[in-house]
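A.B. asks: The structure follows.
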Amino acid sequence: MDTLSDLLSSMRLAGGVFLDGEMAGPWSIISQVTPEEAARYFLSAPPTSHIIAYHYVREGWLECQVQGDDETVMVRAGQIVLLPRNLPHLLHGPERSEPVDGSQVVDSLDEDGLYRVRLEGTGEKTSVYCGFLASTTPENMLLHNLPAIMVVGLDDAKESDWIRRSIDFAVHGLSKDSPETVGKLAEGLFAEAVRRYIDALPPEQAGWLAGLKDPAVGRTIALIHKSYAEALTLEGLAREAGVSKTVLGDRFRALLGESPMQYCAKWRMNIAADMLRQERQHAANVAYSVGFNSEAAFNRAFKREFGLPPAAWQKLQTAA
């Protein structure tokens, strides 16, 4: 399994549900899925901490704009627009209207077990499959580093025909009885879209996502994410990556702006914060779980990263 596959697997995606939308005439919809709204689309919904919205255009076209951003992207038939941070966004067709909230136009389940959006009118029709994925991993580096909005085309990919047939099969054959299966299909679409986005990054691109493309840096990131509780060293990381310590350090800094060991220390603190927030564990237990032999040393490292000792930070998070 490659680095990206490891990271996608670690997201613990809870699933997703499709909506079938057909709009014609002037229309504009403001969309954002909340955890409370998402729970309505699951037979048994686990708690969610991060929602990824997406819209797949199967006929016509639409434009999508994240609120507060001047950029508008066009999404044509055969393309998916993904919103990894589920920011409020505006969708509209060839003719705009006064925007309405998406929750006001979603119909209840019909006899086929589908949620539908139908906006009647004259003129060009836009047909979409809309949905979301829910991740239970709040400190996921992949989600933090993806752009606010991504458009990925399927037409040029060898898997596109399979994906289209799979979507059609899902919404016509599985939605009624198996939303979990549809959610797994959506997870695959997201993974494919992210992979294509990263593959399309220019060679001169720097940043965390670009680091995944570098064989040595990508292996190092994967190893740190997998073995953060172990006594990792720069020498050991370089040996696993198949390069010298100097080469690994130089590549890592050029792409991520910090050394491998600095990244490792921050990742341990992110995992620790996740455990304190989600699992309500005692700081001493968390310290040993993320590789510290001393609770005092863990407290100092945690305070450097978050500005508060673990117990005080956990109390503040619980109150919030």
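A.B. asks: Which residues, taken from the range 91-127, are open to solvent by 50 Å² or more (accessible area, probe 1.4 Å), small (Gly, Ala, Ser) and closer than 16 Å to Glu59 by Cβ?
C.D. replies: Gly123
A.B. asks: What is the residue count in the range 67-90 for residues that are open to solvent by less than 10 Å² (accessible area, probe 1.4 Å) and in a strand (DSSP E or B)?
C.D. replies: The qualifying residues number 6.
A.B. asks: Quick one: Leu256 ticks every box in (1) in contact (Cβ under 8 Å) with a residue 24 or more places away in the chain; (2) closer than 30 Å to Lys315 by Cβ except a single one, so which number is it?
C.D. replies: (2)
A.B. asks: Cβ-Cβ under 6 Å, sequence separation 6+ or interchain: first residue in the range 91-109 and under 17 Å from Gly123 (Cα atoms), partner part of a strand (DSSP E or B) and open to solvent by 40 Å² or more (accessible area, probe 1.4 Å). Which pairs?
C.D. replies: Every condition considered, the pairs that remain are His92/Glu63.
A.B. asks: Considering only residues that are small (Gly, Ala, Ser) and surrounded by fewer than 18 Cβ atoms within 10 Å (Cβ to Cβ), which ones fall in the range 206-248?
C.D. replies: Listed by number, the residues that qualify are Ala206, Gly207, Ser227, Ala229, Ala231, Gly236, Gly242, Ser244.
A.B. asks: May I ask you to verify whether Arg96 is over 18 Å from the mean Cα position of the chain (by Cα) and modelled with pLDDT of 90 or more?
C.D. replies: The answer is yes for Arg96.
A.B. asks: So which helices (runs of 4 or more DSSP H) are wholly in the range 206-310 and hold at least 3 residues that are small (Gly, Ala, Ser)? If you could, list the steps in order and put the result at the bottom.
C.D. replies: Details: elements: 208-213, 215-226, 234-241, 245-256, 260-278, 283-289, 295-306.
Here the list reads 215-226, 234-241, 260-278, 283-289, 295-306.
A.B. asks: Mind checking which residues of the range 299-314 are open to solvent by less than 30 Å² (accessible area, probe 1.4 Å) and under 15 Å from Trp267 (Cα atoms)?
C.D. replies: Hits for the range 299-314 are Ala301, Phe302.
A.B. asks: Are any residues in the range 280-290 of a type outside the set (Phe, Trp, Tyr) and open to solvent by 30 Å² or more (accessible area, probe 1.4 Å), and if so, which ones?
C.D. replies: If the condition is that a residue be of a type outside the set (Phe, Trp, Tyr) and open to solvent by 30 Å² or more (accessible area, probe 1.4 Å), then Arg280, Gln281, His282, Asn285, Ser289 are the ones that fit.
A.B. asks: Being of a type in the set (A, V, I, L, M), more than 20 Å from the chain's Cα centre (by Cα) and modelled with pLDDT under 80 narrows it down to one residue among Leu114, Leu62, Leu13; which is it?
C.D. replies: None of the others qualify; the one that does is Leu114.
A.B. asks: For Phe252, work out the one condition from (1) crowded, with 18+ Cβ neighbours inside 10 Å; (2) modelled with pLDDT under 95; (3) not small (Gly, Ala, Ser) it doesn't fulfil.
C.D. replies: Unmet for Phe252, out of (1) crowded, with 18+ Cβ neighbours inside 10 Å; (2) modelled with pLDDT under 95; (3) not small (Gly, Ala, Ser): (2).
A.B. asks: So, Val73, is that one touching a strand residue (DSSP E or B) at 6+ places or on another chain (Cβ under 6 Å) and modelled with pLDDT of 85 or more or not? First the steps, then the outcome.
C.D. replies: Values: touching a strand residue (DSSP E or B) at 6+ places or on another chain (Cβ under 6 Å): yes; modelled with pLDDT of 85 or more: yes.
Yes; evaluated as a whole, the condition is true for this residue.
A.B. asks: Still on this structure, please answer the following. Just to check your reading of the model, which residue among Val57, Val33 is modelled with pLDDT of 70 or more, assigned to a loop (DSSP other than H, G, I, E, B) and of a type in the set (Val, Ile, Thr)?
C.D. replies: Just one listed residue meets the conditions, Val33.
The values are calculated or read from the model by the stated rules, or taken from the named source; none is laboratory data. As the structure is a prediction and not an experimental result, all values here were calculated from the model. Note that each Cβ is placed from the backbone with ideal geometry, even for glycine, and that neighbours are counted across all protein chains shown. Please note that ligands, DNA and RNA were not included when accessible areas were found on the heavy atoms of the full protein model with its side chains. Shrake-Rupley method; radii C 1.70, N 1.55, O 1.52, S 1.80 Å.
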